Amino acid sequence: MHLPCFIQKIRAGGVNVNQAVEALRMENITKVYPNGVIANKSVTFVVNQGEIHALSGENGAGKSTLMKILFGEEQPTSGTIFANGQKVNISSPTEAIRLGIGMVHQHFMLVPSLTVAENMMLGIEPRKGLKIDRKRAEKEVREISHKYNLPIEPNERVEDLTVGQKQKVEILKALLRGAKILILDEPTAVLTPQETRELFAELKTLRSNGYTIIFISHKLNEVKEFCDRITIIRRGQTMGVYPLSDISEQEISKLMVGRDVILKISKNKILPGAPAIKVRNLKILEESGRVRINNISFTVREGEILGVAGVEGNGQAQLVKALTGLGPYHSGSIELCGTDIRKKSVSDIRKLSVAHIPEDRMTIGIAPRLSVTENTVIDKTDNIRFFTRLGLSKSSEIREYGKKMVRDYHILCKTPDVSVESLSGGNIQKTVLARELSGGPKVIIADQPTRGVDVGATEFIRRQLIAMRDAGNSIFLITSDLNEVLGLSDGIIVLFEGEITAYLPDASNVTEEELGQYMLGIKRQSPEQISEVLHEQKD
Amino acid sequence: MNRRINLIVDLTKMLLIILIACVLVFIIVFLTSQEPADAVYSFFVGPFTSLRRIGNIVEAATPLMFTALAVIIIFRAGQFSMISEGAFFIGILGAMIVAITGRMPPGIHPLAAIVFGGFCGAFVASVPAVLKMMWGVSELVTSIMLNYVVQFFTIYVVSYHYREITSSSLASLLFQETSAMPVIVEGTRVHLGVIVALVLCFLGFLFLQRTRLGFKLRVTGDNLHFAQYAGVGAAGVMVSAQVLAGAIAGIGGGAELLGMYTRFKWTSSPGYGWIGIVVALLARRNPLLVPLAAAFIGYLNVGADIMARSSDVSREVVLIIQGVMMLLIASEALLQHWRQKLIVKAAEKEAKEGNDDAPPELPDASIGGNDIPYTGVDTPTPNSPDQEGL
Ligand SMILES: Nc1ncnc2c1ncn2[C@@H]1O[C@H](COP(=O)(O)OP(=O)(O)OP(=O)(O)O)[C@@H](O)[C@H]1O
Ligand SMILES: [Mg+2]
């Protein structure tokens, strides 16, 4: 038992024992969702003024629920909330904002058809007479974007943004509203370590000005590095509050999951086979004519994981779209499993045994109101195991399959018949993974595969991907998590401004610093070195 | 458990809406009528006073079942085509042409006429669908405009090519006797069409829930981007859904014509497509509930007709009721509070029975030993002293 000694540690070295002022107290919060899931069971959560407080727990532990209650989006079934010592009734987000609470949602709350500036100014538009003062809105957005070092183009439409950019808009939107208590629900899931560090540098200035920040993340190293205290919840109940100076990452994950988690990735030596993904002289132009991918070539062989490193927005999104048939390419060729995919539809490409884990699970990865089961079989409608030749479904087979997916991928849900939208973020991600990995893919395009999943599940997914590689499949891995790209990949290519600027054949020999220099465009390899990634014999 | 609660709440909601609708009738009648008691009586009880009148309810419900089913299939695919109205009317025209000009034996004749009507409906419905697929034209706009085109085209065809010249009002030539749909209940005009409608509703349910195309259709309707990503051929699915719906509405038009009439007598599109939307929503977009919902709307209409005939209240009352019902159906919040209460109670009971809501243990979780039993630290939580000190 570790708990007693933890408590002692806290008693002995608690932070700011005397001068701490409670900014917020949520007392005995219980939440039962309309489908009967008890997401919070008598949770007490206290945050002091001027601290960065981490909230951690497994996927589905009830973190987002607790925060939605605090932000007035969900009503607690029972329990009370105090803000600055006063009992409050937060009946709506408007009320929360009035109390100085702001929130960055795990799943973006942005209007796709509006621009970045319009989204950020929604409801607080600067006015000139009756008209909205666009110039000033734009200027304010630029200012705040500059101030927090989160670069963003105010006039771009949100639907054209990548996930990382949308995340930045979300964060800035909350910061702009000047909330004294800021809730950040997994804001860093798709940010690079560099961006996270810069964000936190700013958050720390806010903290010293008396702001309070609640931070949710599954990346325990971030939590450990940037936060003051941590509240751990497990299955809807608090497991305690600890100062982060006194608790190690291992101890945190143990409290969260109930076992030790090995985050170190170990894998066998690579035994590459024939080329499975062959990209040659690929060029992708945007409609505006801007070059997103400029003449790149690479090969991913069977039994190989090729990682892509790069600051997001350097052409990764366009490359993935082209590879999966979701987006166009201008010239060059893409061959998947020996077939040129020019003019092929998404379903033709999927029939070549290509799986795609999308970076944005909420917009393209799921049918939210359909069940977990249905979401895991949608790509398998041509399989006679689930549908007869005449197109009738075999319900019992499908039901069994859904159950198996839930079991195999540890998807936390009441039954496999519940709608996917009622799952927690990480469990939605697991549903996507279950579907994509269970179809027997030969080529896997994995875009942020462990985004938002807890430490235990991350470990599981990584092991799963390695097992698939060992079985001779090819994996093209795009991730903003440097540990992941370094630990999981066999070789790494670096994308910078739409070009491959480096090929690092052995990821295990690469340091973060070295990779960082390529990613920021400080260093660049010679064309000969880069062309090694083609794996072609020179004659 | 929750399914039962949801069913209870949904049914109660439907009953409540019906009750409110009835109360509304009372109020309107008492405000406008000289003899309110008679009017109310004829409205509510009237439809059940004879077999003939009960038959009228079924007759009124039959076309609505077809159009409501069509609406459901279109809506479930995430499309907003209003074409059921036009498809129904063109189905009438198609069936009429076959009924007047065809020379076939009795069993085959109505069948051929109805199938041709369905074909016409499918064709009309495909127009907005294809326009949307090719050029992204809003199907809502094109379908509404097309409904007018269909209406005037039909009237034109009847008046210039199939008109009974001896008649002073617009009426077509008499149909061949072989084309009539058989009446199935003696003493009423309830015809075989109602059986066709019931069967189609059931098939519609099976189609949506138990077939590959139906599955793809629901996925497309739920999230188009996802459908594209998963490669279900979303564009094809959207067109098929509308064509199928058009065929169903067209069949409905044909059945209505041959079951109820011996001549074409409409001077404008009868509006079953629009009322079909009310029925579809009342049935909560579930084909299995369509017959019930259609019967209720049918009952309202028959009641209003009887009331209009036997008292001084006009039948337009029904329109008010239908409007209010639409609002009530759309109000998600109605009874939501009650539903939540029931569910919380059930969940608490479940939790107490030791059948805890706690998630199933991850299979992996036992690796390395689970040496922090979380039940041990339920409450109070080991909060740091600074919190207690305040
Ligand atoms: N709208 C909803 N309806 C029904 N159940 C829900 C709903 N939202 C969440 N839940 C359930 O409540 C539980 C807690 O979910 P929550 O989103 O709070 O988890 P979380 O701790 O944020 O997890 P993650 O790390 O995966 O984001 C889960 O079991 C989830 O299935
Ligand atoms: Mg969450």
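Going by what's in this entry, would A:K168 be described as among the basic types (K, R), within 25 Å of A:V47 (Cβ to Cβ) and open to solvent by 40 Å² or more (accessible area, probe 1.4 Å)?
No.
Go through (1) polar (S, T, N, Q); (2) within 11 Å of another protein chain (Cβ to nearest Cβ); (3) open to solvent by less than 20 Å² (accessible area, probe 1.4 Å) and name the single condition A:T415 misses.
(3)
Could you identify the single residue in A:S438, A:S480, A:S474 that is among the polar types (S, T, N, Q) and either within 16 Å of ligand 2 (Cβ to nearest atom) or at pLDDT below 90 (or both)?
Being among the polar types (S, T, N, Q) and either within 16 Å of ligand 2 (Cβ to nearest atom) or at pLDDT below 90 (or both) holds for just one of A:S438, A:S480, A:S474, which is A:S480.
Does segment B:256-273 contain at least one residue that is of a type in the set (A, V, I, L, M), more than 30 Å from B:S167 (Cβ to Cβ) and either surrounded by fewer than 20 Cβ atoms within 10 Å (Cβ to Cβ) or within 14 Å of chain A (Cβ to nearest Cβ) (or both)? Let's see the steps before the verdict.
Step one: list which residues in segment B:256-273 are of a type in the set (A, V, I, L, M), which gives B:257-258, B:260.
Now drop any that are not more than 30 Å from B:S167 (Cβ to Cβ), which leaves none.
Among the residues of segment B:256-273, not one is of a type in the set (A, V, I, L, M), more than 30 Å from B:S167 (Cβ to Cβ) and either surrounded by fewer than 20 Cβ atoms within 10 Å (Cβ to Cβ) or within 14 Å of chain A (Cβ to nearest Cβ) (or both), which makes the answer no.
Quick one: is A:S331 surrounded by fewer than 23 Cβ atoms within 10 Å (Cβ to Cβ) and within 11 Å of chain B (Cβ to nearest Cβ)?
Judged against the criteria, A:S331 is not a match.
Of the residues that sit in segment A:46-82 and are away from ligand 2 (no atom under 16 Å from the Cβ) and more than 14 Å from chain B (Cβ to nearest Cβ), which one is surrounded by the fewest Cβ atoms within 10 Å (Cβ to Cβ)?
So the residue we want is A:T80.
Identify the single condition in (1) assigned to a helix (DSSP H, G or I); (2) within 16 Å of ligand 2 (Cβ to nearest atom) that A:E143 does not satisfy, given that it satisfies every other one.
Result: A:E143 fails condition (2) only.
Give segment A:83-114 a look and list any residue that's within 12 Å of ligand 2 (Cβ to nearest atom) and either within 14 Å of chain B (Cβ to nearest Cβ) or surrounded by fewer than 22 Cβ atoms within 10 Å (Cβ to Cβ) (or both), or say none.
Selection gives A:H105, A:H107.
Go through the residues of segment A:4-23 one by one and say whether even a single one is polar (S, T, N, Q), within 18 Å of A:I252 (Cα to Cα) and at pLDDT below 90. Reasoning before the result, please.
Initially, segment A:4-23 is screened for residues polar (S, T, N, Q), giving A:8, A:16, A:18-19.
Add one more test, that the residue is within 18 Å of A:I252 (Cα to Cα), and what stays is A:8.
Then keep just the ones that are at pLDDT below 90; that gives A:8.
Scanning segment A:4-23, I find at least one residue that is polar (S, T, N, Q), within 18 Å of A:I252 (Cα to Cα) and at pLDDT below 90, so the answer is yes.
Output yes when any residue across segment A:434-444 is more than 20 Å from A:M468 (Cα to Cα), in contact (Cβ under 8 Å) with a residue 40 or more places away in the chain, within 24 Å of the chain's Cα centre (by Cα) and not assigned by TED's automatic domain parsing to the domain that holds A:A322, and no when none is. Show your work before the answer.
Taking segment A:434-444 and keeping what is more than 20 Å from A:M468 (Cα to Cα), we get none.
Checked against the condition, which is being more than 20 Å from A:M468 (Cα to Cα), in contact (Cβ under 8 Å) with a residue 40 or more places away in the chain, within 24 Å of the chain's Cα centre (by Cα) and not assigned by TED's automatic domain parsing to the domain that holds A:A322, segment A:434-444 yields no hits at all.
So which residues in segment A:394-410 are facing chain B (nearest Cβ under 8 Å) and assigned to a loop (DSSP other than H, G, I, E, B)?
Our first condition is that a residue be facing chain B (nearest Cβ under 8 Å); within segment A:394-410, this holds for A:395, A:407, A:410.
A:H410, the sole residue that qualifies.
Would a scan of segment B:78-89 turn up a residue that is under 23 Å from B:P287 (Cα atoms), touching a Leu at 6+ places or on another chain (Cβ under 8 Å) and open to solvent by 50 Å² or more (accessible area, probe 1.4 Å)?
Step one: filter segment B:78-89 for residues under 23 Å from B:P287 (Cα atoms), giving B:78-89.
Keeping just the survivors that are touching a Leu at 6+ places or on another chain (Cβ under 8 Å) gives B:78, B:80-83, B:86.
Filter again for open to solvent by 50 Å² or more (accessible area, probe 1.4 Å), leaving B:80.
The answer is yes, given that some residue of segment B:78-89 is under 23 Å from B:P287 (Cα atoms), touching a Leu at 6+ places or on another chain (Cβ under 8 Å) and open to solvent by 50 Å² or more (accessible area, probe 1.4 Å).
If we only count strands (runs of 3 or more DSSP E) wholly inside segment A:231-347, which ones have 3 or more residues that are assigned by TED's automatic domain parsing to the domain that holds A:L24 and more than 16 Å from ligand 2 (Cβ to nearest atom)?
A:237-243
Going by the structure shown, is A:P272 modelled with pLDDT of 85 or more and more than 14 Å from every other protein chain (Cβ to nearest Cβ)?
When the stated conditions are applied, A:P272 passes them.
Give me a count of the residues in segment A:353-363 that are part of a loop (DSSP other than H, G, I, E, B) and either within 11 Å of chain B (Cβ to nearest Cβ) or basic (K, R) (or both).
Narrowing segment A:353-363 to residues part of a loop (DSSP other than H, G, I, E, B): A:353, A:358-360.
Within this subset, residues satisfying the condition of being either within 11 Å of chain B (Cβ to nearest Cβ) or basic (K, R) (or both) are A:358, A:360.
Number satisfying all stated conditions: 2.
Which is small (G, A, S) and open to solvent by 30 Å² or more (accessible area, probe 1.4 Å), of A:A274, A:A322, A:A309?
A:A274
For segment A:431-450, name all the residues that are within 11 Å of another protein chain (Cβ to nearest Cβ) and within 16 Å of ligand 1 (Cβ to nearest atom).
A:V432
What number of residues within segment B:111-132 satisfy the criterion of being open to solvent by less than 10 Å² (accessible area, probe 1.4 Å) and farther than 23 Å from B:I155 by Cβ?
Residues meeting the conditions: 1.
For a quick check of your reading of the model, give me the residue pairs whose first member lies in segment A:94-111 and is farther than 13 Å from A:K68 by Cα, whose second is modelled with pLDDT under 85 and within 16 Å of ligand 1 (Cβ to nearest atom), with beta-carbon atoms closer than 6 Å and at least 6 apart or on different chains.
Pairs found: none.
Please work out which one of (1) open to solvent by less than 20 Å² (accessible area, probe 1.4 Å); (2) in contact with a Ser or Thr (Cβ under 7 Å, 6 or more places away or on another chain) is the condition A:A137 fails and give its number.
Looking at each condition in turn, A:A137 falls short on (2).
With respect to A:K343, is the statement that it is within 14 Å of chain B (Cβ to nearest Cβ) and open to solvent by 20 Å² or more (accessible area, probe 1.4 Å) true?
no
Within 16 Å of ligand 1 (Cβ to nearest atom), in contact with a His (Cβ under 6 Å, 6 or more places away or on another chain) and farther than 24 Å from A:N295 by Cα: which single residue out of A:M362, A:M405 fits that description?
A:M362
Looking at segment A:364-393, which of the residues that are at the interface with chain B (Cβ under 9 Å from one of its Cβ atoms) and open to solvent by 60 Å² or more (accessible area, probe 1.4 Å) is farthest from the chain's Cα centre (by Cα)?
Within segment A:364-393, the match that is farthest from the chain's Cα centre (by Cα) is A:L390.
Let's see how each residue does on (1) open to solvent by 20 Å² or more (accessible area, probe 1.4 Å); (2) free of Cβ contacts under 8 Å to residues at least 24 places away in the same chain:
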{"position": "B:Y156", "(1), (2)": "yes, yes"}
{"position": "B:T166", "(1), (2)": "yes, yes"}
{"position": "B:G193", "(1), (2)": "no, no"}
{"position": "B:V196", "(1), (2)": "yes, no"}
{"position": "B:A230", "(1), (2)": "no, yes"}
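Report yes if B:P291 is farther than 20 Å from B:E59 by Cβ and buried (at least 23 other Cβ atoms within 10 Å of the Cβ), otherwise no. Lay out the reasoning, then the answer.
Numbers: farther than 20 Å from B:E59 by Cβ: no; buried (at least 23 other Cβ atoms within 10 Å of the Cβ): yes.
Taking the combined requirement at face value, the residue does not satisfy it.
Given (1) modelled with pLDDT under 95; (2) part of a helix (DSSP H, G or I); (3) within 18 Å of the chain's Cα centre (by Cα), where does B:F89 come up short, assuming only one miss?
Failing condition for B:F89: (1).
The values are calculated or read from the model by the stated rules, or taken from the named source; none is laboratory data. Since we're looking at a predicted model, the values are computed, not measured. As a convention, Cβ positions derive from the backbone with ideal geometry for all residues, glycine included, and neighbour counts pool all protein chains shown. Areas reflect the complete protein model, heavy atoms only, side chains present, ligands, DNA and RNA absent. Shrake-Rupley method; radii C 1.70, N 1.55, O 1.52, S 1.80 Å.
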